[in-house]
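Okay, so here's the structure we're looking at.
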Amino acid sequence: MSNKFWSELAERLTPYVPGEQRQGDNVVKLNTNENPYPPSPRVLQAIAATDGHAMRRYPDPTSIGLRESLAQYHSIDAANVFVGNGSDEILALAFMAFFTKKAKEKSSANIDGSAITEDAELQFPELSYSFYPVYCDLLNIPKRVIPMCEDFSIDMPAFDNNGGGIIFPNPNAPTSLAQPKQAIEALLERVPDTLVLVDEAYVDFGGQSVVQLVNQYPNLVVSQTFSKSRSLAGMRLGSAYANPNLIEALERVKNSFNSYPCDVIAQRAGIASLADDAYYQQSVQQIIATRNRTSEALKARGFRVLESATNFLFVSPPGNHAQSLFNYLSEQGVLVRYWNSDKLEHWIRVSVGTDEDMNTLLSAIDKAPMS
Ligand SMILES: Cc1ncc(COP(=O)(O)O)c(C=O)c1O
């Protein structure tokens with residue numbers, strides 16, 4: 001069928017491709033960094049207690065109850081907090097609010113006196129969340145991709161104060177490596193004219209959060225999610241933190257797009273989740289223990305495994321068999337993530353599941369024809 005009714009935009013996009021959501025009882029799903037444990041029973045109670053009266057009405061467009069709970073959790077003010085329909089949505093709104101900058105005029109001019117402009121490029125690491133370039137293409141934001149260091153860490157000194165913006169996950173995905181808080185503070189000091197968005201989707205599994213710095217640095221935005229450590233990927237709930245001026249920019253974009261990104265159930269579930277922190281501390285500790293045990297088991301099998309501060313492992317199988325191992329595991333119903341690209345061709349990303357899931361993975365690896 002022809003695309004004659006498509007907009008030019010719809011035609012030129014290359015959308016993000018999420019990991020396969022294969023259904024079935026015999027699938028061990030280690031490909032989208034979901035939490036293997038359910039959310040707190042209190043969250044499930046809050047969801048079940050939502051009655052027809054609550055559902056009949058539009059939700060609070062400001063999500064103030066949830067924002068206050070998050071503010072209390074982080075010892076900041078509700079005016080520092082923004083919430084949205086998953087951190088993916090928050091990132092999209094942030095790209096619109098902060099990164100669609102006009103080209104900047106350079107101080108020098110052309111010979112005819114006309115202004116020389118330079119593009120305000122968004123800077124992000126070469127290996128990072130693959131949604132960033134997709135949002136750039138959607139919104140016509142020029143990109144500057146920063147090559148990784150030899151050890152796969154982010155080359156922090158390579159970011160510059162270009163005014164276009166900087167974004168990176170910390171800890172990073174898919175590499176699983178974390179930057180210390182000092183390195184981020186040093187960057188914020190060095191690039192005062194450039195907005196820095198730190199995507200802390202995985203921070204609870206071993207990273208150092210910079211949420212506490214939002215009132216100190218006018219150029220800092222931090223995003224977090226309920227999808228990973230809080231087991232609510234199916235709910236779609238994310239948060240962002242910044243000074244009130246930057247939060248206002250996010251609110252302006254949100255209110256020009258969808259006034260009610262967080263539904264009644266999501267707001268209640270989020271509040272209930274924050275009220276049961278002990279439950280999450282325990283499930284995060286369990287995931288960290290399983291991660292460390294799996295890391296050792298893979299190293300013993302000759303894999304190269306990066307030092308993970310997340311709920312996934314970034315690993316390179318011996319003999320450069322990443323793609324064939326990925327295919328073999330998929331046939332066995334063990335789903336992991338593989339990107340068929342130059343830099344990543346020898347690597348796979350494995351989400352940390354239950355101990356049983358990881359035992360299934362390890363025994364499948366032991367039976368793989370290439371090992
Ligand atoms: C680095 C990073 N940021 C953001 C997200 C989006 O999370 P969500 O939209 O579920 O909050 C993900 C999801 O995998 C991620 O890996």
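In plain terms, the chain from residue 44 to residue 155 could stretch by 35.8 nm, reckoned as 0.36 nm per residue minus the Cα-Cα distance. Along region 179-186 the Karplus relation, 6.51 cos²θ - 1.76 cosθ + 1.60 evaluated at θ = phi - 60°, assigns HN-Hα couplings of 9, x, 3, 4, 5, 6, 5, 4 Hz to successive residues, with x for each Gly and Pro.
The protection proxy used here, the mean number of other Cβ atoms lying within 10 Å of each residue, ranks peptides 130-138, 88-96 as follows, highest first: 88-96, 130-138. A cut-off of 5 Å between modelled amide H atoms, ignoring neighbours fewer than 5 places along the same chain, links residue 122 with 143, 144. Highest mean first, the peptides 162-174, 326-338, 7-19 sorted by other C-beta atoms within 10 Å per residue fall in the order 162-174, 326-338, 7-19.
Taking every alpha-carbon pair within the chain, the share separated by more than 39 Å comes to 19 percent. Within the listed set 87, 259, 40, the Gaussian network model of the chain (springs between alpha-carbon atoms below 10 Å) gives the highest mean-square fluctuation for 259. Anisotropy class assigned to region 48-177 is prolate, per the alpha carbon gyration tensor with a/c at or over the 1.5 cut-off and a/b larger than b/c. With only the Cα atoms considered, region 236-316 has a convex hull volume of 149 Å³ per residue. A simple spin-label model places the labels of residue 346 and residue 363 3.1 nm from each other, with each point 7 Å out along Cα-to-Cβ.
Dividing the summed helix terms, -39500 (n - 2.57) for each DSSP H run of n ≥ 4, by the number of residues in the chain produces a 222 nm estimate of -10000 deg cm²/dmol to the nearest 500. Once you divide the Cα radius of gyration of region 19-83 by 2.2 N^0.38 Å, the number left is 1.57.
What shape does region 321-371 have by the C-alpha gyration tensor, where a ≥ b ≥ c are the square roots of the eigenvalues, rounded means a/c under 1.5, and otherwise prolate means a/b greater than b/c and oblate the rest? Taking the square roots of the gyration eigenvalues as a ≥ b ≥ c, region 321-371 is oblate. Exceedance of the 30 Å cut-off in Cα-Cα distance is limited, within the set 29/101; 143/228; 29/143; 143/343; 143/299, to 29/101; 29/143; 143/299.
Under the criterion of Cα pairs below 8 Å and six or more residues apart, the relative contact order for the chain equals 23 percent. Considering only 30, 44, 195, the Gaussian network model of the chain with Cα springs below 10 Å gives its largest mean-square fluctuation to 44. Please report how far the C-alpha centroid of region 12-40 lies from that of region 196-269, rounded to the nearest whole angstrom. What the calculation gives is 21 Å, centre to centre.
Of all DSSP beta bridges confined to the chain, the antiparallel ones make up roughly 55%.
Values quoted throughout were computed directly from the atomic coordinates according to the rules given, and no laboratory measurement underlies them. Bear in mind that the values here come from a model prediction, so they are computed numbers and not experimental data. Positions of Cβ are generated from backbone atoms using ideal geometry, with glycine treated the same way; all protein chains shown enter the neighbour counts.
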